Amino acid sequence: MEFNYNHNLIKELLKRLKNSYPDCKDIEVTDIKAFAVNQFEFVAKKEYGFYDTKIIYTEKSTGNFKIRTNNKKLLKLFQNIQTTIKQIKSR
């Protein structure tokens, strides 16, 4: 239930971006996709009395996606993300 609430909140905030930030005026959010990770590795921190959480997952994307923006700054950012994903997947 909390995941769905956060999913809807993120979706609504992304829709509001273009009204608040001129660089995001070309963004049109219709839907978002997310996945929940349930594999955790816990490392005990005895000296502080709490646990740090390290999330371990494998990249689900292949980096093969279309970038649909005319904004040059956003285009460059998405291209960098795409390149990083492809580098991770080629290892």
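The values are calculated or read from the model by the stated rules, or taken from the named source; none is laboratory data. The shown structure was predicted, so the numbers you read here are calculated from the model rather than taken from an experiment. As a convention, Cβ positions derive from the backbone with ideal geometry for all residues, glycine included, and neighbour counts pool all protein chains shown.
I'd like to check something: does segment 39-62 contain any residue that is at pLDDT 85 or above, loosely packed, with under 12 Cβ neighbours inside 10 Å and not charged (D, E, K, R)?
Looking only at segment 39-62, we keep the residues that are at pLDDT 85 or above, and these are 61-62.
Going one step further and asking which of them are loosely packed, with under 12 Cβ neighbours inside 10 Å, we end up with 62.
From what's left, not charged (D, E, K, R): 62.
Taking every residue of segment 39-62 in turn, at least one turns out to be at pLDDT 85 or above, loosely packed, with under 12 Cβ neighbours inside 10 Å and not charged (D, E, K, R).
Of the residues 72, 66, 25, only one is over 19 Å from the mean Cα position of the chain (by Cα), among the charged types (D, E, K, R) and at pLDDT 85 or above; which?
Numbers: 66 fails: over 19 Å from the mean Cα position of the chain (by Cα); 25 fails: at pLDDT 85 or above.
Going through 72, 66, 25 in turn, the sole match is 72.
Could you count how many residues in segment 56-84 are of a type in the set (A, V, I, L, M, F, W, C), farther than 22 Å from residue 30 by Cβ and assigned to a helix (DSSP H, G or I)? So that I can check it myself, show each step before the final result.
Start the filter on segment 56-84 by keeping residues that are of a type in the set (A, V, I, L, M, F, W, C), which leaves 56, 65, 67, 74-75, 77-78, 81.
Add one more test, that the residue is farther than 22 Å from residue 30 by Cβ, and what stays is 56.
Checking which are assigned to a helix (DSSP H, G or I) leaves us with none.
The number of residues fulfilling the criteria is 0.
In segment 77-91, what residues are surrounded by 10 or more Cβ atoms within 10 Å (Cβ to Cβ) and more than 19 Å from residue 14 (Cα to Cα)? Break it down stepwise before answering.
Of the residues in segment 77-91, the ones surrounded by 10 or more Cβ atoms within 10 Å (Cβ to Cβ) are 77-89.
Answer for segment 77-91, where residues must be surrounded by 10 or more Cβ atoms within 10 Å (Cβ to Cβ) and more than 19 Å from residue 14 (Cα to Cα): 79, 80, 82, 83, 84, 85, 86, 87, 88, 89.
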